[in-house]
Amino acid sequence: MGAFNNDLVERGALNIMLNFDCQSEIVQLTPEDFYDPLHQVIFSVIQAMAAEKKPIDLVTADAALTEKLGQAAKPAEARLLEIATNSTFPGRFMLKEYIDIIKSCSLRRRIYLTLEQGKKDLSEDGNDPAAVLEAMRQQLRDMVITRHAWKSMQTVLMETFEALDKKSKGIEASMLSGVSGLDSITAGFHGGEFTIIGARPAVGKSAFGAQVALGASRSGYKVGICSREMTAVQYGTRIYAHATDVDPKKLRTGQLDQDDWMQIAQALNLYGQQNICFIFTAKYIEDLRMEVQRKVDSGEMDMLVVDYIQQMQTKQRFDKDYLRIAYISKMLKDMSTDFNISVVGLAQVGRQADASMPTLAELRGSGDLEQDADNVIFLHRPSEATDKYVHPRDRELFASMKQSGLQYIAINVAKQRQGEIGTLAVAFNPGRMRYTMIEREDAPKRLTAPTPVPDSDAFA
């Protein structure tokens, strides 16, 4: 008995199929699962007869072989006769075990062939090693036998019941953004969901992505940030600007006094404990998926923030840019479901003269972003108090905020598969790089995380 081939079991399985009614078991195999070419031919005929609900035995199978292959059927017919007249094979009760052995040998062969192909591809100088590895990983993942297991209604409801029980007891909290109004509408971010945060240029996509990352981290989750817009030092400078009262200009020039250094040291100690990691060099979405899988497999990632989608590249070549974005969008959605993590992708929406709130229709023109996303959140910075996204009671406040250097930002939850949609307003201090909720008496009740999440955690 070999690891790649078990001739005796293949013969036994075919013998049982010829002597018993095994229609339901036949569909579990494919001709490629058999190692012997003659066994592949015989099984393909049996499989076709089963699909057509025809009776299967030595006589009918022999006739089907002749009809399919003509004179070329002679070797298969001889093997068929040998198999069908062998009385040493056990009864139908052994077919399940035989099928498991055949599938195990088949899986071993496919894994071996994938590794051999990978070895061949790697030996060719023109092939990118990371692309070869990703192709192999995808093929190997698709070979997992239990990948497509069915679940009963009872199982689904019990798993949901247990998840709700954990949430109600605070064992498994939502990944909160730290903006209380937003968390009230969305109930936080969740594994298996792909969320898009869209905005026109220079409105604050990176700010919002960092806000979500910090909120999720303080909720007890592990977060990864892929930034294609900033270097590590640029991102770190913004963190210090947010975490301290040091003048942002002094952080840029390095002209710091003793008090500034004290604040920076305190921020380093406090924010250095955040369970957030960064990757700045993942230019290609295929490379990013590999890095994310590595983190997930080691239990080190619950959320991924990508800043931003249009900046990502692919190793595949596309004639149209929207096809590239559609490919990236699908990869991000697949990451959320394959790894059961929350994926937050920042997206740039085209410029418009009126600088209005972005719409789903505009996002729809950027590949398949709107279609793939479970949730879509738009950011909008009104230029005038008369903008329809400025709350009527905020119009006087809008003018005073503008005079004091603050910015009024409207946040619109435009799509949410599992919940409601709605709009809220926040005040943004670009000098201190902090967002603050505009509180009102009729504001929805705030969701809380296991540890406090201040509303001011955000970046410009």
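The values are calculated or read from the model by the stated rules, or taken from the named source; none is laboratory data. It should be emphasised that the depicted structure is a prediction, and the values quoted were computed from it without experimental measurement. Note: ideal-geometry Cβ built from the backbone for every residue, glycine included; neighbour counts use all protein chains shown.
Here are Ala130, Ala163, Ala135, Ala202: which of them is surrounded by 17 or more Cβ atoms within 10 Å (Cβ to Cβ) and either in the same structural domain as Lys330 (by TED's automatic domain parsing) or out of contact with any Leu (no Cβ under 8 Å at 6 or more places or on another chain) (or both)? Walk me through how you get there before you give the answer.
Numbers: Ala130 fails: surrounded by 17 or more Cβ atoms within 10 Å (Cβ to Cβ); Ala163 fails: surrounded by 17 or more Cβ atoms within 10 Å (Cβ to Cβ); Ala202 fails: surrounded by 17 or more Cβ atoms within 10 Å (Cβ to Cβ).
Selected residue: Ala135, the only one of Ala130, Ala163, Ala135, Ala202 that is surrounded by 17 or more Cβ atoms within 10 Å (Cβ to Cβ) and either in the same structural domain as Lys330 (by TED's automatic domain parsing) or out of contact with any Leu (no Cβ under 8 Å at 6 or more places or on another chain) (or both).
Which of the residues belonging to segment 26-43 are surrounded by 18 or more Cβ atoms within 10 Å (Cβ to Cβ) and over 19 Å from Phe4 (Cβ atoms)?
Ile26, Val41, Ile42, listed by residue number.
Being at pLDDT below 80 and more than 20 Å from Gly209 (Cβ to Cβ) is the filter here, so list the residues in segment 352-368 that pass it.
Gln352, Ala353, Asp354, Ala355, Arg364, Gly365, Asp368 - these are the residues of segment 352-368 that are at pLDDT below 80 and more than 20 Å from Gly209 (Cβ to Cβ).
What pairs can you find where one residue is in segment 30-45 and within 16 Å of Lys103 (Cα to Cα), the other is of a type in the set (Ser, Thr, Tyr), and their Cβ atoms are less than 8 Å apart, with a gap of 6+ or different chains?
Close Cβ pairs (under 8 Å, with a partner that is of a type in the set (Ser, Thr, Tyr)) amount to Pro31/Ser44; Glu32/Ser106; Asp33/Ser106; Phe34/Ser106; Tyr35/Ser106.
May I ask you to verify whether Thr85 is surrounded by fewer than 13 Cβ atoms within 10 Å (Cβ to Cβ) and touching a helix residue (DSSP H, G or I) at 6+ places or on another chain (Cβ under 8 Å)? Working first, answer last.
Working: surrounded by fewer than 13 Cβ atoms within 10 Å (Cβ to Cβ): yes; touching a helix residue (DSSP H, G or I) at 6+ places or on another chain (Cβ under 8 Å): yes.
Yes: the conditions hold for Thr85.
Going residue by residue through segment 418-432, is there one that turns out to be charged (D, E, K, R) and at pLDDT 85 or above? Steps first, answer last, please.
Quick first cut of segment 418-432, residues charged (D, E, K, R) only: 420, 432.
This time we only want the ones that are at pLDDT 85 or above, so: 420.
The answer is yes; a qualifying residue exists.
Search segment 404-433 for residues that are assigned by TED's automatic domain parsing to the domain that holds Tyr240 and under 25 Å from Thr237 (Cβ atoms) and pair each with any residue that is surrounded by fewer than 19 Cβ atoms within 10 Å (Cβ to Cβ) and of a type in the set (Val, Ile, Thr) when their beta-carbon atoms are under 6 Å apart and the residues are at least 6 apart or on different chains.
Sorted first by the residue in segment 404-433, then by its partner, the pairs are Ala427/Thr436; Ala427/Ile438.
Given the options Ile341, Ile328, Ile377, name the one that is touching a helix residue (DSSP H, G or I) at 6+ places or on another chain (Cβ under 6 Å) and crowded, with 23+ Cβ neighbours inside 10 Å. If you could, list the steps in order and put the result at the bottom.
Working: Ile341 fails: touching a helix residue (DSSP H, G or I) at 6+ places or on another chain (Cβ under 6 Å); Ile377 fails: touching a helix residue (DSSP H, G or I) at 6+ places or on another chain (Cβ under 6 Å).
Being touching a helix residue (DSSP H, G or I) at 6+ places or on another chain (Cβ under 6 Å) and crowded, with 23+ Cβ neighbours inside 10 Å holds for just one of Ile341, Ile328, Ile377, which is Ile328.
Within segment 375-387, is there a residue that is touching a strand residue (DSSP E or B) at 6+ places or on another chain (Cβ under 8 Å) and hydroxyl-bearing (Ser, Thr, Tyr)?
No.
Which helices (runs of 4 or more DSSP H) does segment 203-257 wholly contain that include 3 or more residues that are within 23 Å of Thr281 (Cβ to Cβ), aromatic (Phe, Trp, Tyr) and modelled with pLDDT under 85?
On the way: elements: 205-218, 232-243, 248-253.
In segment 203-257, no matching helices (runs of 4 or more DSSP H) lie anywhere.
Pick from Ala78, Ala64, Ala51: which is more than 21 Å from Ile101 (Cα to Cα) and surrounded by 18 or more Cβ atoms within 10 Å (Cβ to Cβ)?
The unique qualifying residue is Ala64.
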